[in-house]
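This report refers to the structure that appears directly beneath it.
The values are calculated or read from the model by the stated rules, or taken from the named source; none is laboratory data. All figures in this text were calculated on a predicted structure; none of them were measured in a lab. Here the Cβ positions follow ideal geometry from the backbone for every residue, glycine too, while neighbour counts run over all protein chains shown. These area figures cover heavy atoms from the full protein model, side chains too; ligands, DNA and RNA do not enter into them. Shrake-Rupley method; radii C 1.70, N 1.55, O 1.52, S 1.80 Å.
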Amino acid sequence: MLQQSAKQPFCIPLFINIAMAKVSLDSVIDKSLINRFRGLASGSGSSNAAKSVTAALSGKSGAVTIADGLRTGARTFASAVQNINSSIGLVNVSRAVLTNLGELTDKMLALAERASQNGTGAGMRANLDREFKKLSHKFVKAVEDTKLGDRQLLTVEGLTQVFQTLGLDPDTSASIAEVFSQFTTPADDDSLASSKIKGYRPVKVPSNKFATPVSDTGYNIEKITDNAISGSAAKITRAGNVFIDTDDILNANPGYDSIFIKNSNGTLQTMEAGLLNQPLEVLTINSTTGSSLIGTNQDLGGNSGGDYCLYLIDSSGAVKHRFNIPAGIGGATLEGISDFQLSEDDTTISYIQQQRKLGIRTTSVVKQTASSFSSTGGSTVGTTVASISYQYSLGDPVRSFDTLKMSDDGTSFAYNLFDGDTGEYYTYFDPWTQAQGVVLNSFDFLENNKLVYIDSGDGQVHSHTYADGSSTALTAGLSGISQLTALEAGSGNSGYFAVNSSLGGGARRLQMYGADSATALYTLDSATTDVPLDLSLAYNTSDQAEMGIFGVMRSLSGDADAELYRIKKNAQATTGQRFERMSNEFSSLFASDANIRSRADAFRMKVDLKALRGQIDDNIKAIDHALEVLGQNLELARQSGLAFLSVSDTISSSADAAQVAKDLRTAIRKNAGAAISQAENLEPMIVAALVLDTSA
């Protein structure tokens, strides 16, 4: 084990030539060195080792032979080899940590890049900044923890001390000085991965990284797609924007309808290349996670029998879970499934299932819950929430469920019952299974015990709360409402809903409301040439409600194709004009106030992170060179020790010290190869080995 002596290196003046002149092997391995090792051998048995070494190195050789001295020299070189090996281990630790810091820097660079992009909103930048801070804390901790005792291994000073312990001092050795000249550090910090590093200055932040003047407009319209969407599903979600289209976009599954997810940064993802060989149908899309529930007979995992299965596809396009659809409960024949719902956490699905057996047709509300996700397995039999039957073989009136909705938490259900006896619909809330006195048309959940619906009496949107049966009108003056969709209550709000109503003459009015207000938060009056097909709602990453429009909206973009549009909350809306603050010059990359919450700051941070990455790369190369030089000194010490040992076994008692030195030089030159270039370090390494042995 390499140890550092607390004592002063008492014998350095005897061995080291302080001037950094080129030192040859001839000037080191000479008669004087042989006699000094004889002196060491004569004092090796003394009880006062330090005194004996001092005396021996002063030339007092005693009565021992040259062979004894050579064997002592061989042991000294063996100690030097051991010490160098220990130091190589420490330097390798420095290199490994630098490599890890480089990877952390790459991740922070990617975050700063995203945060600096014009399409990244304030909410997303806040999320990116939180992740940035986590990585920066890991970076700082890794630097602080890389040390041996009090010696830092990621500083020039710390590595200098490691080398000096071996006798390899950049102040006295030209080859070692050349090693340390290759390290890159800022002027006021000798860290090999410095948080004080700066990129080029001045940083010319592009003008588009600063916010332009903004108006009072609370929402902006963003066109999400430009693909002439052929699929029937296109919705916005918190995790991105999801649509179904024939894959001639990325050509991962050409010729098949596939799921596409367009993230807030503009990145477009789809399902795994070559995954599809049969059609799929999208049954529902989760407005929170961006996951899609699809139905297909294709084996996407655990379906070798080719049955119709439900697969959950996550927001990256990967198969997340498989739900099974049984052929029929209790041996019945399955006739159809519809009205699929998906809980906010993706764990629970529900649907209406119709089956027949022995002349009886049964319609059921069924749910399945996954205790854990698996792309190859899932529950095989669902739980029946409600069920109703009639004998179709005897011509009994039809009784069935339709228009199923499930709350986000997967605990509450609402559905309509059609009773053929009366020809009327009744709305049920479950799990309470209590018929309500009013029929709720086109309903959706605002909370797990509260629905929003279109009242058949006044044609307006009302809310309906379970138990007390209260109904509150939420809109007035609307006509011809053709669609209603809702977003359940989030933090600090009562939920939101969107409606598509008629303006007359073929024009439509698309509106988003807060459930606690009778005033529309956003209104878009379409032209008569517009054909809005579907509305969707989702929270953005800042928990603000936004509305999606899927359809042909010529008045918005001039595009005659069906596309997806997102009505985005304008985070910079104000009652006047303002500019985003200018970029900051932080004291260091990882100072407590350093952040990437603005595009300008993120751009500046990116410049400095690139400089940090460059410093790390340079210093990894410098460490590789240092390891190469350490390896040469290791080889020189090893071959010197072997030469001393070999010659000690062959010389006579009357051998001449000068001739012995010559024989040693010949053997070392023969076997050391390129390591001879480190000859200037032999004497200092001998001294260091003796000091460490004496202080151990």
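What to note about this one:
- Of all the residues in region 339-371, those that are more than 37 Å from the chain's Cα centre (by Cα), surrounded by fewer than 20 Cβ atoms within 10 Å (Cβ to Cβ) and either touching a residue at least 60 places away in the same chain (Cβ under 8 Å) or not in a strand (DSSP E or B) (or both) number 2.
- The set of residues in region 276-292 being part of a strand (DSSP E or B) and under 19 Å from G548 (Cα atoms) consists of V282, L283, T284, I285, S292.
- Looking across region 134-177, the residues that are acidic (D, E), free of Cβ contacts under 8 Å to residues at least 12 places away in the same chain and assigned to a helix (DSSP H, G or I) come down to E144, D145.
- Qualifying residue in region 192-213 (condition: crowded, with 18+ Cβ neighbours inside 10 Å, at pLDDT 85 or above and either among the polar types (S, T, N, Q) or under 27 Å from S555 (Cβ atoms) (or both)): yes
- From the list A67, A96, the one residue that fits, being at pLDDT below 95 and either crowded, with 16+ Cβ neighbours inside 10 Å or in a helix (DSSP H, G or I) (or both), is A67.
- Helices (runs of 4 or more DSSP H) contained in region 598-696 and holding at least 2 residues of a type in the set (F, W, Y) and surrounded by 22 or more Cβ atoms within 10 Å (Cβ to Cβ): 599-648
- Residue satisfying condition, being of a type in the set (V, I, T), within 21 Å of I337 (Cα to Cα) and in contact with a Lys or Arg (Cβ under 9 Å, 6 or more places away or on another chain), within set I236, I294, I285: I285
- Candidate set from region 442-468 (those that are under 17 Å from N416 (Cβ atoms) and in a loop (DSSP other than H, G, I, E, B)); member that is most open to solvent (accessible area, probe 1.4 Å): S456
- Subset of region 525-555 (residues that are within 22 Å of L487 (Cβ to Cβ), aliphatic (A, V, I, L, M) and surrounded by fewer than 22 Cβ atoms within 10 Å (Cβ to Cβ)): L533
- Checklist (1) touching a residue at least 12 places away in the same chain (Cβ under 8 Å); (2) assigned to a loop (DSSP other than H, G, I, E, B) applied to G305, failing item: (1)
- For the residues L128, L148, L154, the requirement of being open to solvent by 50 Å² or more (accessible area, probe 1.4 Å) and of a type in the set (A, V, I, L, M, F, W, C) singles out L148.
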